[in-house]
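Read through the structure below, which is laid out as structure tokens, and then see the notes.
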């Protein structure tokens, strides 16, 4: 009789242990491995940086296009509203959520005028500000706006015309 009690006691303990294991297994959630990182994809859009129409006097100055699309000037640069648009540069970024993206806005670039002369362009800020942690899930993209400051000399050194050039931006993915 005593042996039978011990046997049934062991069976009871085994049942309790088995029940505990099942209970613990149900309490802990399991997750699949997160997707592998995808390289950052940068797509330039049709929206390029444009400062619109402006004129200047004898001293020159600067004209700024902010990432939010606003425009300002300093010195004797006068903004003109002649129907020419002014816009920040726009890029579409694609990466996994949680990817940190930092933009390194390079050295000033030189813009060359159609009527002669040159101007200096310095990229300034971005919207959203960098470093930026991606929150969209592919195929959704994040829009990155980039602003800049154009340094303008006097009217004799910067005659009227269209000024064009290129600039360098380095996108760093972490």
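The values are calculated or read from the model by the stated rules, or taken from the named source; none is laboratory data. Bear in mind the structure is a predicted one, so any value in this text is a computation, not a measurement. As a convention, Cβ positions derive from the backbone with ideal geometry for all residues, glycine included, and neighbour counts pool all protein chains shown.
Residues in segment 49-63 include at least one that is in contact with a strand residue (DSSP E or B) (Cβ under 6 Å, 6 or more places away or on another chain), part of a loop (DSSP other than H, G, I, E, B), modelled with pLDDT of 65 or more and under 30 Å from residue 141 (Cβ atoms). Residues that are touching a strand residue (DSSP E or B) at 6+ places or on another chain (Cβ under 8 Å), assigned to a loop (DSSP other than H, G, I, E, B) and more than 27 Å from residue 59 (Cβ to Cβ) do occur in segment 100-112. Within segment 142-174, the set of residues being surrounded by fewer than 16 Cβ atoms within 10 Å (Cβ to Cβ), assigned to a loop (DSSP other than H, G, I, E, B) and within 17 Å of the chain's Cα centre (by Cα) comprises 168, 174. Within segment 67-93, the residues that satisfy the criterion of being outside any strand (DSSP E or B), under 16 Å from the mean Cα position of the chain (by Cα) and surrounded by fewer than 17 Cβ atoms within 10 Å (Cβ to Cβ) are 68, 69.
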